[in-house]
Structures are given as structure tokens and as C-alpha cells.
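Right, one structure below, let's go through it.
The values are calculated or read from the model by the stated rules, or taken from the named source; none is laboratory data. Only a predicted model underlies this, so the values are computations on that prediction, with no experimental measurement involved. Positions of Cβ are backbone-derived with ideal geometry, glycine not excepted, and every protein chain shown enters the neighbour counts. What goes into the accessible areas is simple: the full protein's heavy atoms, side chains included, and nothing from ligands, DNA or RNA. Shrake-Rupley method; radii C 1.70, N 1.55, O 1.52, S 1.80 Å.
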Amino acid sequence: MKNAAFALIEPYVCDTGGLMKALHALQNAHGYIDAALVPLVAETFNITKAEVKGVISFYEDFRGSPAGKHVVKICQAEACQAVGARNLMTKARAQMGLPESDLTCDTSATENITVLPIFCLGLCATGPAAMVDGILRGRLTAEEFSREIKALEEEGK
């Protein structure tokens, strides 16, 4: 695995922004960035493991664990919160059986859906907003969103 990972990241070592490009390459290849590869990335880029972990944890598009088949991002910015985004997040997590208090747990037991908070999808005038598998959705009602989550979950059975 490490040889394959090195082959993915090595072309970016001398590039401006190479670390980001390398992390994207790893994530695109595996769906997430395996913690076991952090030392390899750090050594290859001649930086500390803490610096690599800091970049991975700072950018919300990087994942440290595999995502579900479907990825649902729910906007939590102020404009969407004002029209019910927190309610959507709470209901989606409850429907998927995810604990409300543990936001590190974001994938359903069936591993079919991953739900994530995101801060601003640019649909401020049409909130609450979400992105489902890369498709933007605005003016979501709790009932409509619940049906969509159920359909995605059923698809995995």
C-alpha cells in the first residue's frame, strides 16, 4: 500500500501546493486518507506528521475514514440555520441512527450514507440547503429531506 501511495504523491513533491495535490490524490484513490499514510506523506514532503494531520483536519473535504456510498452535506451557515438547517441535521442524524452528541460518527450503520455539516453552499437565499452526492438542493423541508434520506438508505439494502 505504501509503494502505491508513494507513487501517487511523489509527482507533487516539487509543486507549489504539492501537499494539497498529494492529499487529494490519496483521497481520490482510496476515498479517504488512511492515518497509516500520514508518516509517509510527512517524510516525502519533509514536514512533521502534525503538519500533515493539521491540513487533513482543517479542510472539511479530506476524510480520515471511508465515506458512505452517498454523501449528504447540510449547510450550517447562519442564513440556513435561520430557516431550519439545524433541524434538518438533527433529523437526518436521528433517522440514520447516529448519536446527536458524537459528531465524529457521520456514516450510517449500513455504510450507505455519510452526513456532514458544511459551512455555506452559496444558496443563502434558498435555505435550508444541502448537497446530496454533489447536487445542490435548496428550500428543503424536513419531510422532503426525510424521504430523500430514507430513499438513499433503502437503496443500500
Flagged in segment 31-54 as in a helix (DSSP H, G or I) and touching a residue at least 24 places away in the same chain (Cβ under 8 Å), in numbering order, are A35, A36, L37, L40, V41, T44, F45, V52
In segment 30-54, anything open to solvent by 60 Å² or more (accessible area, probe 1.4 Å) and within 30 Å of N112 (Cα to Cα) is listed as H30, A35, K53
